[in-house]
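Engineer: Dropping a structure here in structure tokens format, bear with me for questions.
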Amino acid sequence: MESQNTSNKLPTPYLGEPYLLTPGPLTTSYEVKKAMLKDWGSWDGDFREMTKALRIQLLALIGPEANRYDCVPIQGPGSYAVEAMLGSFVPKDGKVLVLANGAYGQRAAATLDYLGREKIVLDKGDYLPPRGTEVAAILAEDPDITHVMAIHCETSSGILNPIGEIADATRAAGRKLLIDSMSAFGAIPLHPAELGCAAFVSSANKCIEGVPGFSFVIAETSELKAARGNSHSLSLDVEAQWRVMNETGQWRFTPPTHIVAAFMKALADHATEGSVQGRGTRYAQNRDVMVAGMRALGFETLLDEQWLSPIIVTFFCPADPAFEFEAFYEAMKAQGFIIYPGKLTVVDSFRIGCIGQMDIHVMERMLAATKETLAQMGVQDASPSEAALKERHVLIS
Ligand SMILES: *Cc1c(COP(=O)(O)O)cnc(C)c1O
């Protein structure tokens, strides 16, 4: 298996491991993995210093007026942070408008059901973007709505949702904005103060390129203070985690020490690469090379150009009867590339991620592997079915 990175810019992730062309866990550097080879006492001053630095460095990524916000790490994967955010900032008598266009919007809505918080869902199906005008109309009609929950990059299609116009509509109506920026934060600028965003979440194993195991909430300090007593959950109470962390420097329950150590190395590398802008530029180059190469092979993207994120891209499966996703997946894996199945409900698709320790040279080799695989399978034509193209038309028009 050949999966070494031949580029000069990025170190080899790990000899012989396939690249993860997935939206997290993703391919991390050898140095990030190596940072986990040490044990830390959770109450010890060295680890408390690390937690402090983690919070400060994450806040430094949010742009203007960062001093009005604070960062609260939460143990567990990203969905825990989404649940913690919704349970902590939406009061028990609050009501949330969830903007859904894929699996993560649906998950936020399901979370609110568990929490017993009132909600309504603007469901745009698999991939259509929720627009500012739609949000404004719903808020105007329903004064009970206190919060709007938006997904920044909806990873199930890869669409980059129009967060600016959603924020404008929410602010104009005097409601509060919560954002799931899990797969975007760190590579796509997100300035909560400019958006008037009350709180947002992301996690260790996405664009910062750490390993999975914790997530974090970044919230206005005034919102954190006001959240006292809201949460349904002891372990997912953001206000309690924040207060205790500020008082003691410690996480309330066993922290993922090794994962935090790896994340500090990932953050240092993120800064070296040019922070959000540098990281976003590399991912956008990955996307551009990958999409152009896939189109040259006959593949079509689900989304029109303007909605394609530099995070992950959905392609239609070829209509050619010789194409079979399972076989395609296994052949790509054998050549060192793990791709991602699709999540559309209507037509067959698959996804290719642009994030992680990969550059355009890796993308070029992935394209060569794709071409080779299609030839092996006897696929003459990678273009999608008529039905798939109709789906595409719905979005563009
Ligand atoms: C990855 C991701 C999540 C969280 O997923 P976990 O598996 O819980 O880490 C939530 N929202 C979006 C948009 C994501 O990409």
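The values are calculated or read from the model by the stated rules, or taken from the named source; none is laboratory data. Keep in mind it's a predicted model, so treat the numbers as computed, not measured. Virtual Cβ from ideal backbone geometry, glycine too; neighbours counted across all protein chains shown. To get the accessible areas, we keep the full protein, side chains included, count just its heavy atoms, and leave off ligands, DNA and RNA. Shrake-Rupley method; radii C 1.70, N 1.55, O 1.52, S 1.80 Å.
Engineer: How much length is gained if the chain between R171 and A375 is pulled fully straight, taking 0.36 nm per residue apart and subtracting their Cα-Cα distance, in nm to one decimal?
Structural biologist: 68.2 nm
Engineer: Right, another one. Kyte-Doolittle mean at least 0.0 and Cα extent at least 20 Å along the axis: which DSSP H helices of the chain qualify?
Structural biologist: 257-272, 360-377
Engineer: Something else: Taking every eigenvalue of the Cα gyration tensor of the chain, multiplying by 5 and rooting it, what semi-axes result, largest first, whole Å?
Structural biologist: Semi-axes from the Cα gyration tensor: 35, 28, 16 Å.
Engineer: Only helical DSSP H runs with n ≥ 4 go in: add -39500 (n - 2.57) per run for the chain, normalise by residue count and round the 222 nm mean residue ellipticity to 500 deg cm²/dmol.
Structural biologist: -12500 deg cm²/dmol
Engineer: I need the calculated FRET efficiency for the pair K333 and A110, taking r as the beta carbon distance and R₀ as 25 Å, to the nearest 0.05.
Structural biologist: With R0 = 25 Å, the Cβ-Cβ based efficiency is 0.20.
Engineer: Spin-label point model (7 Å from Cα, Cβ direction): what's the D144 to E386 distance in nm?
Structural biologist: 4.6
Engineer: Please list, in chain and number order, the residues 5+ apart from K176 or on another chain whose amide H is under 5 Å from its amide H, with Hs placed from the backbone.
Structural biologist: Amide H neighbours of K176, under 5 Å, 5+ apart: H147, V148.
Engineer: Roughly how much of E300 is accessible, in Å² to the nearest 10, using a 1.4 Å probe?
Structural biologist: Rounded to the nearest 10, the figure is 60 Å².
Engineer: Show D46, D93 ordered by accessible area, largest first, where the area counts protein heavy atoms only and the probe is 1.4 Å.
Structural biologist: Most to least solvent-accessible, the answer reads D93, D46.
Engineer: In Å², what does the accessible area per residue of the chain work out to with a 1.4 Å probe?
Structural biologist: About 39 Å² of surface per residue is accessible.
Engineer: For a quick check of understanding: with a 1.4 angstrom probe and all protein chains in place, what accessible area in square angstrom does R175 have, to the nearest ten?
Structural biologist: Rounded to the nearest 10, that gives 40 Å².
Engineer: Of D39, D304, D348, which is the most mobile in a GNM of the chain whose springs link Cα atoms less than 10 angstrom apart?
Structural biologist: D39
Engineer: On to the next question. Rounded to the nearest 0.05, what FRET efficiency do A268 and A226 give with R0 = 35 Å and r taken as the Cβ-Cβ distance? Could you check?
Structural biologist: Efficiency, from the Cβ-Cβ distance: 0.55.
Engineer: A further question follows. Quantify, in whole percent, the carbon and sulfur part of the accessible surface of the chain (1.4 Å probe; protein heavy atoms only).
Structural biologist: Carbon and sulfur atoms account for 53 percent of the accessible area of the chain.
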